[in-house]
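Engineer: Sharing a structure here in structure tokens format.
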Amino acid sequence: MRVTPRTPRDQFAAGTEEHFAARLTAPPVEGAANAGLVALVAKTFHVPKRAVTLLSGDTARLKRLAVAGDPDALAKIAASLYGREP
């Protein structure tokens, strides 16, 4: 996930084949952007916040996340973010 903090609204944006892109209203201080990212991912993938774990990239723009849940449902949502069918 490539994160851009301090944007007008929280949203997923066009990414690359390697990663999603997320734009967050939160600033990159004291974990605010990471908390905003977890909330956005949880809302988008229809899982509770506790199901989203930041694996790496705590202070970097590129982050790795794990999302717990039904793999088929998660894959379908991820594909829809890229405008594809799973």
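Every number here is computed from the coordinates shown, using simple stated rules; none is lab data. Everything quoted here is computed from the prediction, not taken from an experiment. Please note: Cβ atoms are built from the backbone with ideal geometry, for glycine as well, and neighbour counts cover all protein chains shown.
Engineer: Quick one: compute the contact order of the chain, relative version, from alpha carbon pairs under 8 angstrom and 6+ residues apart, as a percent. Write out the running numbers ahead of the final one.
Structural biologist: Working: 133 pairs, mean separation 19.7, N = 86.
With pairs under 8 Å counted, the relative contact order is 23 percent.
Engineer: Something else now. Between helix 32-44 and the chain, what is the angle of the helix's C-alpha long axis to the longest principal axis, kept within 0 to 90° and rounded to the nearest 10?
Structural biologist: Computed tilt is about 20 degrees.
Engineer: Something else: Kindly identify the chain as rounded, prolate or oblate by the Cα gyration tensor criterion: order the square roots of the eigenvalues as a ≥ b ≥ c, call it rounded if a/c is under 1.5, otherwise compare a/b with b/c, prolate if a/b is larger, else oblate.
Structural biologist: Here the chain falls in the prolate category.
Engineer: At 222 nm, what helix-only mean residue ellipticity would the chain give, in deg cm²/dmol to the nearest 500, using -39500 (n - 2.57) for each DSSP H run of four or more?
Structural biologist: -8500 deg cm²/dmol
Engineer: Rounded to the nearest 10 degrees, what's the angle between the helix 71-81 long axis and the longest principal axis of the chain, both from Cα atoms, 0 to 90?
Structural biologist: Result, in degrees: 70.
Engineer: About its Cα centre, how strong a charge dipole does the chain have in debye, to the nearest 20, once Lys and Arg get +1 and Asp and Glu get -1 at the Cβ?
Structural biologist: 240 debye
Engineer: At 0.36 nm per residue, and after removing the present C-alpha to C-alpha distance, how many nm does the segment from ARG6 to ALA66 gain when stretched out fully?
Structural biologist: Answer, rounded to one decimal: 19.3 nm.
Engineer: In the chain, what % of DSSP beta bridges are antiparallel (nearest 5)?
Structural biologist: Among the beta bridges of the chain, antiparallel pairing accounts for roughly 75 percent.
Engineer: Can you grab the distance from the C-alpha centre of segment 42-82 to the C-alpha centre of segment 1-36, Å, no decimals?
Structural biologist: Using only Cα atoms, the two centres lie 13 Å from each other.
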